[in-house]
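The structure appears below as structure tokens.
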């Protein structure tokens, strides 16, 4: 069956997140990912150490860091430290840089910088005998092709619907094959935002920040991926993308996120709503994930809880969703 990871926007005070990290560990979640931020969220290095000494099984690392705001050797040392204090449970998620570089007015890493960084990380991990997998976030064609050649895991499988999950999987499998690799030997990570509340309006409000970021990505970075059947929503999405402020990255109760309509949440927000509604939306995705896993693929759904109700959404996911997935 597909596996679950947990993605933390580590912005509340630490104790609630420590409780959730322990719960994720106990519920069999495989990876605990943290956002690497400049200015917007607390530092993932500090949080990694806290979680490392308070969990037993779950792997811990950033999703994603980059070689622009953190020198590759600094990152290597940090990951080796996490590896040591966690008893070998470090995992490294990397990309070319998003809001961490944008808020500093810097550019994203280019392909040569990414190649050099991955080489540094591999060498440093090998020197210390540390088995730290490197997952690479896909995006543009050059970085995606690089990830297909070099990554132990691919971050960026799309999956708002069973159809998009399957088509995204097929594209990645084809890209890996073209790079001379077997999709069965590369872990695939699909992001899944789950805003859950007994009041649907509260859940929708929580989901707006993640949807806003998605609109920015689709309008500015990957306009070719806009679904033709949703052209009636494109003008709304463009307004959100133009207003997006990286200093409020992925936050829901901020001005740019208030521009996100309910229609955009319903189409792009992933499972959002009451527990019963989320389960109904998630089950078809789960079944499609099982279909992919049946091909011998290691598929992970990376569950994040957006908005102010992060703790509530994760707890409801564990208590009212997980028991019904088999």
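Classify segment 191-235 as rounded, prolate or oblate from the Cα gyration tensor: take a ≥ b ≥ c as the square roots of its eigenvalues, call it rounded if a/c is under 1.5, otherwise prolate when a/b beats b/c and oblate if not. Verdict is prolate for segment 191-235. Please work out whether segment 220-285 counts as rounded, prolate or oblate from its C-alpha gyration tensor, where a ≥ b ≥ c are the square roots of the eigenvalues and a/c under 1.5 means rounded, while otherwise a/b larger than b/c means prolate and anything else oblate? The shape class here is oblate. Take the alpha carbon gyration tensor of segment 22-154, find the square roots of its eigenvalues, order them as a ≥ b ≥ c, and report rounded if a/c is under 1.5; if not, report prolate when a/b exceeds b/c, else oblate. The shape class here is prolate.
Considering helices alone, the calculated mean residue ellipticity of the chain at 222 nm is -14000 deg cm²/dmol, with DSSP H runs of length four and up weighted by -39500 (n - 2.57) and normalised per residue.
Quick one: which of 141-153, 209-221 comes out on top by average Cβ neighbours within 10 Å, and what's the full order, highest first? All intermediate terms of the calculation are to be shown ahead of the outcome.
On the way: 141-153: 18.0, 209-221: 21.9.
Averaged packing, sorted descending, gives the order 209-221, 141-153.
If R0 is 41 Å, what FRET efficiency do you get for residue 291 and residue 201 from their C-beta distance, rounded to 0.05? Computed FRET efficiency for residue 291 and residue 201: 0.75. What FRET efficiency comes out for residue 18 versus residue 262 if R0 is 45 angstrom and r is the Cβ-Cβ distance? Round to the nearest 0.05. About 0.85, to the nearest 0.05.
For the pair residue 46 and residue 185, what calculated FRET efficiency results from E = 1/(1 + (r/R0)^6), where r is the Cβ-Cβ distance and R0 = 41 Å, to the nearest 0.05? Don't jump to the answer; show the numbers that get you there.
Details: r = 33 Å, r/R0 = 0.82.
After rounding, the FRET efficiency stands at 0.75.
Calculated from the structure at hand, Cα Rg over 2.2 N^0.38 Å is found among (1) 1.06; (2) 1.11; (3) 0.93 as (3). Ranked by the mean number of other Cβ atoms within 10 Å per residue, highest first, peptides 124-134, 190-200 order as 190-200, 124-134. Taken along the Cα-to-beta-carbon direction at a fixed 7 Å, the label points for residue 245 and residue 222 span 2.7 nm. Subtracting the Cα-Cα distance of residue 236 and residue 119 from 0.36 nm times their residue separation leaves 37.9 nm of extension gain. Given their separation in residues at 0.36 nm each and the Cα-Cα distance between them, residue 142 and residue 74 gain 22.0 nm when the chain is fully extended.
One chain, two ends: residue 171 and residue 150. Fully extended at 0.36 nm per residue, the span grows by 5.9 nm beyond their Cα-Cα distance. If one puts a single equal scatterer on every Cα of segment 274-326 and applies the Debye formula without solvent, what log₁₀ I(q)/I(0) results at q = 0.19, 0.20, 0.23 Å⁻¹? Those come out to -0.71, -0.77, -0.94, one per q. Here the translational diffusion coefficient of segment 206-318 follows from Stokes-Einstein with Rh set to the Kirkwood radius across Cα pairs; for 20 °C and 1.002 mPa s it amounts to 141 µm²/s. The distance linking segment 205-279 with segment 90-151 is 26 Å (Cα centroid to Cα centroid, whole angstrom). Treating each Cα of segment 117-234 as an identical point scatterer and summing with the Debye formula, the log10 of I(q)/I(0) at q = 0.23 Å⁻¹ comes to -1.35.
Coordinate-derived values only; no laboratory data. Predicted model only: the values in this text are computed from it and were never measured. Cβ: placed from backbone, ideal geometry, glycine included. Neighbour counts: every protein chain shown.
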